[in-house]
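A.B. asks: Just dropping this structure here.
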Amino acid sequence: MKIDVELKNVTKKFGDVVAVSDVSFQVEKGQFFSLLGPSGCGKTTILRMISGFEKPTEGEILIEGEPMADVPPFKRPTNLVFQSLALFPHLNVYENIAFGLKIKKIPENEIKARVKEMLDLVRLPGYEKRKISQLSGGEKQRIAIVRALVNKPTVLLLDEPLGPLDLKLREEMIVELKRIKREVGTTFIYVTHDQGEALTMSDKIAVMKAGKIMQIGSPIEIYEQPNSEFVANFIGGTNVFKGRYENGAVEVDNLGKITVTPECQLSKGSVLVSIKPEKIFIGRKLNALDNIFAGEVKEAYYQGRVVTYRVLLENGSSISVVAPSPGMEGIFGIGEKVKIGWNKKDSKLIT
Amino acid sequence: MTKSSIMFIVVLGFLLILTFFPIAILLLLSLNETSTLPLRNFPTLKWYIELLRFPAAINAVKYSLMVASVTTGAAVIFGICGGYALARTNFAGKKIFTGLLLMPMVTPYIIMGFSLMSFLLKMGVNPSLIVIIIGHILITIPYTTLVLTSRFIALDISLEEAAMDLGAGKFTTFRKVTLPLIMPGVAVAAILAFIISWEDVALAVFLAGTEQTAPVYIYSLLMKLPKFVPILTAMSSIILSFAIGLAFLMRMIERISA
Ligand SMILES: Nc1ncnc2c1ncn2[C@@H]1O[C@H](COP(=O)(O)OP(=O)(O)OP(=O)(O)O)[C@@H](O)[C@H]1O
Ligand SMILES: [Mg+2]
């Protein structure tokens, strides 16, 4: 597989602030690669280093195998969709999209054709003459994306392009982006703090925390096999218990024994176990599950498709459960005695 | 409305009358048959036509236009470069540098004019239009730089970065993105510089050689005979109307671009 972008031990310091710390990853050609992490973890800084607006303090960035250290932004085969979009307010939609092509001295009739093709791609045909101030948020977003895409970059860099949109529009744009990605096939590096977006769109996700990459993997790997409490919590929230591992089970204080499927040959020792709330069943009676505990519903949040419960278990621990709504036995009320349980394959060990 | 704000408006209104009444009289008299009130045969262009018979007066206006235009061009170019540098770079002593740059704004022009003249004379340079232009560039640069620095600071850097990201080099980025976006600021700075140069007498009076700018010409005539007074009202009115027109244009640009 061809590698389009590679970061080798990249560190970026702004004075004393370490924005990015020893980050390495590879992005394959045609991949949808996401950088996911909370605000301020260094996502934008990484994109800015790839597009050439910041120089790494240490380490190296390669695009298509070429070291980028001495290549200025305007000579890199990348295009960036800015967090603020940065559409030119003094130019209309056509002039914005044509900006890069005009600089490359592409003949006017070809520019016209390519701009039209791009507007068709994002389903805004006939928008050429519009002023930027006459566009809605979602339309601006799409124009910003094609203003970059029209240059046929090796890599398209997107910095939280859906950030300021409302939920409904975001969901539409996610579908739209996936379609655009499928149609153009360009390599995408996508920055977001929204785990939903990252899981839905990406081939690969790098989860970041405070300038470091915590885990890189496919959405399924990241979701199902988080390698740290941080990743487990950041991706969809989870129940984490601390305990001691021994012979296929973890002894947890205030809870008891949890059976687990060892992923690796663990020796005895202190471990964390993560159980995703939606892998836990809740009912008045439960059987045929590897781990079953009794408890009492303390909180119940109705969310339409699902209900989120917080259940206080008899031995003192509290656990959150996401159940379909309404379940086989309806919705449980606060104070109801229930059983909760899950299979041992869903007890994930975090070491 | 509170009592104190009514008081304030009354005082302010009085001050405005004090400002505009004499000017209004001047404009009226320039269109009047005699050089004093009451109005007689009003309005008449008599003094304006009379003015045309003074080649020195016509030349003075021409010189003023020339000096103000060259000053404006130079001050705006300096202002763009200086404003960009001050907005976009950090260097040791930036605060002190900015302070020094703005000094001419608080230095009385008469002092600047006198010291500049003494200095240039020592250097063997004689007063002339060029020297006036140099003096005017010095006093207008702080204004153009100040106006443009704030425009550059207000300009979203990511727009320039976007241009570079799309393949534009530094110069193309400046020409196609930065400059068009600060154009209203450039216009405001230009008008400001033009008005300052156009109206200056304190500095020019020291630096003028045989070719006098319009305000210097008026000033030197006022020192002479009172019979010149009527055509001076016409000439002053021309200078004033032009400046007011420019100031009005500047406000319009500021409002549109805000
Ligand atoms: N030019 C700069 N000078 C100093 N510190 C900076 C600079 N740019 C970024 N930082 C710091 O580096 C860290 C990472 O910033 P970055 O913008 O990369 O975060 P981010 O992950 O994109 O956050 P967000 O999701 O809020 O956009 C932050 O602590 C930020 O304050
Ligand atoms: Mg960011």
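A.B. asks: On average over all directions, what projected area in square nanometres does segment A:238-350 have, based on the convex hull of its Cα atoms?
C.D. replies: 6.5 nm²
A.B. asks: Also, I was wondering about something else. Any idea what the dipole of chain A comes to, in debye rounded to 20, about its Cα centre with Lys/Arg Cβ at +1 and Asp/Glu Cβ at -1?
C.D. replies: 640 debye
A.B. asks: Continuing with the same structure: Charges on Cβ only, +1 for Lys and Arg, -1 for Asp and Glu, centred on the Cα centroid of segment A:3-230; of A:L87, A:G126, A:T192, which one is farthest towards the dipole's positive end?
C.D. replies: Ranked along the dipole, the leading option is A:G126.
A.B. asks: Specify which residue in the list B:A24, B:T89, B:I132 is farthest towards the positive end of the charge dipole of segment B:1-152, using unit charges on the beta carbon of Lys, Arg (+1) and Asp, Glu (-1), about the Cα centre.
C.D. replies: The listed residue farthest towards the positive side: B:T89.
A.B. asks: Would you mind checking which residues have amide H under 5 Å from A:L157's amide H? H placed 1.01 Å from N; only 5 or more apart, or other chain.
C.D. replies: Correct list: A:N79, A:L80, A:V81, A:I189.
A.B. asks: In a Gaussian network model over chain B where Cα atoms closer than 10 Å are linked, find which of B:I218, B:I17, B:I137 has the largest mean-square fluctuation.
C.D. replies: Highest fluctuation of the listed residues: B:I17.
A.B. asks: Right, another one. Roughly how far apart, in whole Å, are the Cα centres of segment B:82-138 and segment A:88-140?
C.D. replies: 46 Å
A.B. asks: Go ahead and run the numbers for FRET between A:E58 and A:Q26, Cβ-Cβ distance against an R0 of 25 Å, rounding to 0.05. Write down the numbers at each step before the final one.
C.D. replies: Working: r = 18 Å, r/R0 = 0.72.
Step by step, r from the Cβ atoms, then E = 0.85.
A.B. asks: Provide the solvent-accessible area of A:D203, counting protein heavy atoms only and rolling a 1.4 Å probe, rounded to the nearest 10 Å².
C.D. replies: About 80 Å², rounded to the nearest 10.
A.B. asks: Please identify the DSSP H helices in chain B that span no less than 30 Å along the helix axis (Cα) and have a mean Kyte-Doolittle hydropathy of 1.0 or more.
C.D. replies: B:3-30, B:55-88, B:129-154, B:229-257
A.B. asks: May I ask for the percentage of alpha-carbon pairs in segment A:60-181 that lie more than 18 Å from each other?
C.D. replies: Above the 18 Å cut-off, segment A:60-181 has 54 percent of its Cα pairs.
A.B. asks: With charges set only on the Cβ (+1 for Lys and Arg, -1 for Asp and Glu), what does the dipole of the protein assembly as shown come to about its Cα centre, in debye to the nearest 20? Don't skip to the answer; put the middle values down first.
C.D. replies: Values: 66 positive and 53 negative charges, 215 e Å.
In total the dipole reaches around 1040 debye.
A.B. asks: Give a residue-ordered list of calculated ³J(HN,Hα) values for segment A:279-290 (Karplus: 6.51 cos²θ - 1.76 cosθ + 1.60, θ = phi - 60°; whole Hz; x for Gly, Pro).
C.D. replies: 8, 9, 8, 9, x, 6, 10, 9, 8, 6, 10, 6
A.B. asks: Once you average over the residues of A:47-55, how many Cβ atoms of partner chains fall within 10 Å of each Cβ?
C.D. replies: The per-residue average across the peptide is 1.
A.B. asks: Set Lys and Arg Cβ to +1 and Asp and Glu Cβ to -1, take the dipole of chain A about its Cα centre, and tell me which of A:G217, A:I103, A:S274 lies farthest positive.
C.D. replies: A:I103
A.B. asks: Below 19 Å, Cα to Cα, which lysines can A:K344 reach? Residues fewer than 8 away in the same chain don't count.
C.D. replies: A:K242, A:K257, A:K268, A:K276, A:K279, A:K285
A.B. asks: Then there's this: Please state the equivalent ellipsoid semi-axes for segment B:53-257: what are the square roots of 5 times the Cα gyration tensor eigenvalues, largest first, in whole Å?
C.D. replies: 36, 20, 13
A.B. asks: Please check chain B for the longest run free of trypsin sites (Lys or Arg not before Pro) that are loop-located per DSSP (anything but H, G, I, E, B) and have at most 16 other Cβ atoms within 10 Å.
C.D. replies: After excluding every exposed loop site, the longest remaining stretch is B:54-223.
A.B. asks: Given the pairs A:K55/A:K152; A:K12/A:K209; A:K43/B:K170; A:K105/A:K131, which are separated by over 21 angstrom at their Cα positions?
C.D. replies: Distance filter (> 21 Å) returns A:K55/A:K152; A:K43/B:K170; A:K105/A:K131.
A.B. asks: Still on this structure, I have one more. Would you give the gap between the C-alpha center of segment B:149-217 and the C-alpha center of segment A:21-65, rounded to a whole Å?
C.D. replies: Centre-to-centre distance over Cα atoms comes out at 39 Å.
A.B. asks: Return the average number of partner chain Cβ atoms within 10 angstrom of each residue Cβ along peptide A:138-151.
C.D. replies: Shielding by partners across A:138-151 averages 1.
A.B. asks: I've got another one for you. Report the residue, chosen from A:S218, A:S325, A:S21, that carries the largest GNM mean-square fluctuation when chain A is represented by alpha-carbon nodes joined by springs under 10 Å.
C.D. replies: Fluctuation is largest for A:S325.
A.B. asks: Let me ask something additional. Where does the protein assembly as shown land on the Kirkwood hydrodynamic radius, alpha-carbon pairs, in angstrom?
C.D. replies: 30.8 Å
A.B. asks: With springs connecting C-alpha atoms under 10 Å apart, model chain A as a Gaussian network and identify which of A:V17, A:V27, A:V311 has the largest mean-square fluctuation.
C.D. replies: Of A:V17, A:V27, A:V311, the most mobile in the Gaussian network model is A:V17.
A.B. asks: Under 14 Å Cα-Cα from B:K62, which aspartates and glutamates qualify once same-chain neighbours fewer than 8 residues away are excluded?
C.D. replies: Leaving aside aspartates and glutamates fewer than 8 places away in the same chain, those within reach of B:K62 are B:E199, B:E211.
A.B. asks: Could you give log10 I(q)/I(0) at q = 0.13 Å⁻¹ for segment A:120-203, computed by the Debye formula over C-alpha point scatterers of equal weight, without solvent?
C.D. replies: Log-scaled intensity ratios, in q order: -0.40.
A.B. asks: Considering every residue in A:275-286, what mean count of other chain Cβ atoms within 10 Å of its Cβ is obtained?
C.D. replies: 0
A.B. asks: On to the next question. Please arrange B:M252, A:M173 by accessible surface area, largest first, computed with a 1.4 Å probe and ligands excluded.
C.D. replies: Putting B:M252, A:M173 in descending order of accessible area: B:M252, A:M173.
A.B. asks: Over both sides of the A-B contact, add up the buried accessible area with a 1.4 Å probe and give it to the nearest 100 Å².
C.D. replies: For chain A against chain B, roughly 1700 Å² becomes buried.
A.B. asks: Let me ask something else about it. Taking the radius of gyration and the Kirkwood hydrodynamic radius from Cα positions alone, what is the Rg/Rh ratio for segment B:1-132, to two decimal places?
C.D. replies: 1.12
A.B. asks: Also, I was wondering about something else. Checking understanding here: applying a Kyte-Doolittle mean of at least 0.5 and a length along the axis of at least 15 Å (C-alpha), which whole DSSP H helices in chain A pass?
C.D. replies: Result, helices passing both filters: A:93-103.
A.B. asks: Assigning unit charges at the beta carbon (Lys, Arg +1; Asp, Glu -1) and nothing else, what dipole magnitude in debye, to the nearest 20, does segment A:1-149 show about its Cα centre?
C.D. replies: Rounded to the nearest 20 debye, it is 660 debye.
A.B. asks: Kirkwood Rh, Cα Rg: Rg to Rh for chain A? Don't jump to the answer; show the numbers that get you there.
C.D. replies: Working: Rg = 24.2 Å, Rh = 22.8 Å.
Radius of gyration relative to Kirkwood radius: 1.06.
A.B. asks: How big is the antiparallel share of DSSP beta bridges in segment A:3-230, given as a percent to the nearest 5?
C.D. replies: 55 percent
The values are calculated or read from the model by the stated rules, or taken from the named source; none is laboratory data. Owing to the predicted nature of the structure, the values given are computational and were not obtained by experimental measurement. Counting neighbours? That spans all protein chains shown, and the Cβs are built from the backbone with ideal geometry, glycine included. Keep in mind that these areas ignore ligands, DNA and RNA; they rest on the heavy atoms of the full protein, side chains included. Shrake-Rupley method; radii C 1.70, N 1.55, O 1.52, S 1.80 Å.
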